[in-house]
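Novice: The structure's right below; bear with me while I get my questions together.
The values are calculated or read from the model by the stated rules, or taken from the named source; none is laboratory data. All figures in this text were calculated on a predicted structure; none of them were measured in a lab. Note: ideal-geometry Cβ built from the backbone for every residue, glycine included; neighbour counts use all protein chains shown.
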Amino acid sequence: MKYYSTNKEAPLATLHEAVVKGLASDRGLYMPENIKKLPEEFFDNIQNMSFQEIAYTVADAFFGEDVDPESLKKIVYDTLSFDCPVVKVTDNIYSLELFHGPTLAFKDVGARFMARLLQYFIHQEGKEEVNVLVATSGDTGSAVANGFLGVEGIHVYVLYPKGKVSKIQESQFTTLGRNITAIEIDGVFDDCQALVKSAFMDEELNNHMKLTSANSINVARFLPQAFYYFNAYARMKAQGLADNLVVCVPSGNFGNITAGLFGHKMGLPIKRFIAANNSNDIFYKYLMTGKYEPKPSKQTIANAMDVGAPSNFARVYDLYKGNHDAITSYISGATYSDQQIRETMSECYKSTGYILDPHGTCGYRALKEGLKPGETGVFCETAHPAKFKDTVEPIINAKVEIPTRLAEFMKGIKKSIPMAKDFASFKTFLMRQ
Ligand SMILES: *Cc1c(COP(=O)(O)O)cnc(C)c1O
């Protein structure tokens, strides 16, 4: 399958090229040339299939032309070494728990898949070392660093905004060592993202070293996120609850929801989607006005969604051919202040006993407010609440238990390289590697 750029000014790429390059040469995002509809029999029988079987069917539709079946199956099965269960929270609201992976956030799925696919291509090619650059507002860095940890032939540089990620998040990518280097930028997330984008555009740097991205712009990271939407549908269908399914995705860079929208284009019967934002409401405003106006990001307690220029907007726009009516008829939005997030997290805990993380809270609230009679809602619980323990505990006035795998990270010693936010410093550093 060939991949085109959303800016339409770069040549078509193979999957291999799209995965290694990340971003197209015209700064657009890669899109698969066609999105295969899955057969009716698949959906008729989906409730009897395992998560891995479902995921392999979806993966085959995207990657089957470019990766041999046995390798693809192994990549999918290795990626999904944990479950993504759907858990009942209220009568008509369910939580799709995406935090059962190694770093307790949904990004584990895409990061683990990408690491394995990239390794597959590097093996095919022979030995060149590949350098992965990743900007993070918190969870991407940990998922990517852990997904790639110890993978031969790949070095990972994680750029993160100094003082703007939680201690727990920071420990997940600054304590690993080996092929993982953490760089602490004196700036905000958008500065980190801008540095990564500039690095890909710099000819001298690209001649010096082979660079690739692992941000949600990479097709190998964002497409596999479709797996768990299909699985959620299957698990809801098994309970007879899949007829009027509304899926709500707490969104920042919009990679996660875009994967769900791809699922729908493949025939997945989700009635509609809701994109829940924190006070970074660029997409919400777009839905209301038809105007896309990026802004500097604002810091919130749902910090993995503090994005002022959501990269994957370009993909959503392209998927619906820029038609605002088509977009708003299938996707609605919501935006919540920190105060509203606090209030909702507390209300949910009191009335149901379920502990939400700040991101999932936006999803839960958007369903509470937005479900119509007869609809059943599933929101993505994108991270385990223990990752945001310092925020969550005072709000719910109760202890959040830290899962063992998270506690392990916190025992490690932090190692990071401090850096200014100008591109010259970053480039000089990389040229010396
Ligand atoms: C990354 C992240 C999000 C936002 O996902 P996007 O794909 O960038 O929209 C939401 N919640 C958590 C916990 C995250 O880590």
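Novice: Please count how many residues of the stretch 227-283 are hydrophobic (A, V, I, L, M, F, W, C) and more than 28 Å from Gln340 (Cβ to Cβ).
Specialist: 8
Novice: Determine if the stretch 273-294 includes at least one residue that is farther than 24 Å from Ala194 by Cβ, without any contact (Cβ under 8 Å) to a residue 24 or more places away in the chain and of a type outside the set (Asp, Glu).
Specialist: yes
Matching residues to (1) within 16 Å of the ligand (Cβ to nearest atom); (2) surrounded by 24 or more Cβ atoms within 10 Å (Cβ to Cβ); (3) closer than 27 Å to Cys380 by Cβ:
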{"position": "Leu205", "(1), (2), (3)": "no, no, no"}
{"position": "Pro224", "(1), (2), (3)": "yes, yes, yes"}
{"position": "Tyr228", "(1), (2), (3)": "yes, yes, yes"}
{"position": "Asn231", "(1), (2), (3)": "no, yes, yes"}
{"position": "Gln239", "(1), (2), (3)": "no, no, yes"}
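Novice: Pairs please, first residue from the stretch 137-151 and on the phi > 0 side of the Ramachandran plot, second anywhere and within 11 Å of the ligand (Cβ to nearest atom) and among the hydrophobic types (A, V, I, L, M, F, W, C), Cβ atoms under 6 Å, 6+ apart in sequence or on different chains.
Specialist: That search, which allows pairs on different chains as well, returns Gly138/Val165; Gly138/Ala304.
Novice: Hey, another quick one. With a cut-off of at least 2 residues that are under 17 Å from Ser142 (Cβ atoms), without any contact (Cβ under 8 Å) to a residue 24 or more places away in the chain and within 26 Å of the chain's Cα centre (by Cα), name the helices (runs of 4 or more DSSP H) lying wholly within the stretch 362-432.
Specialist: By residue number, 404-410.
Novice: Consider only pairs whose beta carbons are under 7 Å apart and that are at least six residues apart or on different chains; among these, list those whose first residue lies in the stretch 203-230 and is basic (Lys, Arg) and whose second residue is within 16 Å of the ligand (Cβ to nearest atom) and not in a helix (DSSP H, G or I).
Specialist: Within 7 Å, the pairs are Arg221/Ala214.
Novice: Go through (1) within 16 Å of the ligand (Cβ to nearest atom); (2) at pLDDT below 95; (3) under 12 Å from Ile180 (Cβ atoms) for Ile154 and report which single condition fails.
Specialist: For Ile154, the exception is condition (1).
Novice: Return the total of residues in the stretch 321-337 being part of a loop (DSSP other than H, G, I, E, B) and buried (at least 18 other Cβ atoms within 10 Å of the Cβ).
Specialist: Counting residues in the stretch 321-337 that are part of a loop (DSSP other than H, G, I, E, B) and buried (at least 18 other Cβ atoms within 10 Å of the Cβ) gives 1.
Novice: So for the stretch 316-324 (the condition being in contact (Cβ under 8 Å) with a residue 12 or more places away in the chain, within 12 Å of the ligand (Cβ to nearest atom) and not charged (D, E, K, R)), does at least one residue qualify?
Specialist: Scanning the stretch 316-324, I find at least one residue that is in contact (Cβ under 8 Å) with a residue 12 or more places away in the chain, within 12 Å of the ligand (Cβ to nearest atom) and not charged (D, E, K, R), so the answer is yes.
Novice: Name the residues in the stretch 376-433 that are polar (S, T, N, Q) and touching a strand residue (DSSP E or B) at 6+ places or on another chain (Cβ under 9 Å), would you?
Specialist: Thr376, Thr382, Ser416, Ser425, Gln433
Novice: Quick test of your reading of the structure: Tyr284 fulfils all but one of (1) surrounded by 21 or more Cβ atoms within 10 Å (Cβ to Cβ); (2) within 16 Å of the ligand (Cβ to nearest atom); (3) modelled with pLDDT of 95 or more. Name the failing condition by number.
Specialist: The single condition Tyr284 does not satisfy is (1).
Novice: Hey, Gly187 hits all of (1) touching a residue at least 24 places away in the same chain (Cβ under 8 Å); (2) out of contact with any Lys or Arg (no Cβ under 6 Å at 6 or more places or on another chain); (3) assigned to a loop (DSSP other than H, G, I, E, B) but one; which does it fall short on?
Specialist: Result: Gly187 passes all but (2).
Novice: Quick one: is Lys8 over 29 Å from Lys210 (Cβ atoms) and either modelled with pLDDT under 95 or part of a loop (DSSP other than H, G, I, E, B) (or both)?
Specialist: So Lys8 fails the test.
Novice: Taking the stretch 241-265, which residues are within 16 Å of the ligand (Cβ to nearest atom), in a loop (DSSP other than H, G, I, E, B) and among the polar types (S, T, N, Q)?
Specialist: Ser251, Asn253 - these are the residues of the stretch 241-265 that are within 16 Å of the ligand (Cβ to nearest atom), in a loop (DSSP other than H, G, I, E, B) and among the polar types (S, T, N, Q).
Novice: Identify all residues within the stretch 159-193 that are touching a Cys at 6+ places or on another chain (Cβ under 9 Å) and within 16 Å of the ligand (Cβ to nearest atom); write none if there are none.
Specialist: Leu159, Tyr160, Pro161
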